[in-house]
Amino acid sequence: MKIVISGFYGLGNTGDEAILDSMIDNLRSSLDEPDLTVFSLSPDETASKHSVTSIYRGWRHDFKKKVRALREADLLLSGGGGLLQDTYPTRIIFGPLPYYLLIVLLAKLCGTKVMFFSQGVGPVTSKYGKLLMRMFGNLADFITVRDDYSKNYLHDLKVTRPKTVVTADIVFAYQGRDDDACVESLPIKRDDSLVGISVRPWFEETRYQKEMALLVDRLIKEHGVTPVFIPMEGEHDASVSRTIQGHMEHGDKTYVLGTDFTPNQYLQFMKHCDTVIGMRLHALIFATLASVPYAGISYDKKVESLAKRTGMWDYSTTLEEFTADDLYPKVAQILENHDALSDELDQERAALREQALQNLELMKKHFVK
């Protein structure tokens, strides 16, 4: 079976690269020698890492190769991840929403079936974005989404023709391997109490950075923890992490992991943490995979949806409401009740893995002859 995969790949985002890892590994486990092609911004790197065919994803290069790949394919998998949104600037054919939907249109013009795979949807707030979704979202032959919020959002956008099924983010089916490169890169002791921290830039918002500095300082002083920042999107996240360190009284007692570790290495690092405080969705998914209880800071509904689904919303907050004074007692409660919360999260993790694997089962049911 020939499959083309379209998503936010080859751009150095750990969460999206984990999605691609999970998709490829599980496609190969589920199908008999699938022929996989990935549209990537770094096609040579993607091809080498995954032993797949990879084509430059941008419109200005290799257009004929993309058309040829789609013509020869049995199926386009659009996803996973939060592709269908217009948070970032959207113009006629520029921006994530027009790009991914035009790939769908191109696939249909080539006579290829389309599945939105394990997608998170929204926000789509512009009139143009909503029009694109009505016009091109309904071209899909089948849709799986990672949460109820996304399914309801599609309905509100009038994407109703294809059947939509709620599953779970495909990263919950991640096939990890032991690798302690992250831990070994740090000058820490084996018995240190590690707290993983995942932050990200968010447009012009900076207030949360000073609040995070106050929170981490207090955790160091009152719990003796060793905070470690985990840059899930390379230098973008590392830069914010260093800014927070600069706001701290005890910033010299924190560490920022290197930006060149693999998704699996970041995941394996989470297993050494007592808790994770995170903004990035896939940092919190990694924490769930490691059965590490977490406090989420929701800058987007997808983070809130995950925290509610895993039973961790009581220990989380929104970016708008986040203060050190509010989140500190929640993190302290996690540390105090770590073992019980870890056991509960482990049960949720197992259930979410089964739901993630449904993405593959539904794909085979609808598209494999």
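We did not get these values from a lab; they are worked out from the coordinates using the rules stated. Here the structure is a predicted model, which is why all the values come from computation and not from measurement. Note that each Cβ is placed from the backbone with ideal geometry, even for glycine, and that neighbours are counted across all protein chains shown.
Things worth noting here:
- Projecting the Cα atoms of T87, I188, I170 onto the dipole axis of the chain, where Lys and Arg carry +1 and Asp and Glu carry -1 at the beta carbon, places T87 farthest toward the positive end.
- Computed over region 2-166, the Cα gyration tensor eigenvalues convert (square root of 5λ each) into semi-axes of 23, 17, 16 Å, ordered from largest to smallest.
- For region 181-351, the calculated P(r), taken from all Cα-Cα distances in 10 Å bins from zero up to the bin holding the longest distance, is 11, 44, 39, 6, 0 percent.
- Each Cα pair under 8 Å and six or more residues apart adds its separation to the average, and for the chain the resulting relative contact order is 15 percent.
- log10 of Debye I(q)/I(0), alpha-carbon scatterers only, for the chain at 0.07, 0.09, 0.10 Å⁻¹: -0.30, -0.50, -0.61
- Cβ-based exposure ranking for V121, V195, in which fewest neighbours within 10 Å come first: V195, V121
- Alpha-carbon radius of gyration plus Dmax, which is the widest Cα pair, for region 193-272 in Å: 12.2, 33
- Estimated dipole of the chain in Debye, rounded to 20 [Cβ of Lys and Arg +1, of Asp and Glu -1, Cα centre]: 2220 debye
- Expected 222 nm ellipticity per residue - DSSP helices of 4 or more, -39500 (n - 2.57), all of the chain, to 500: -14500 deg cm²/dmol
- Phi-based couplings in Hz for region 38-45 (Karplus 6.51, -1.76, 1.60; Gly and Pro marked x): 10, 7, 9, 6, 10, x, 5, 5
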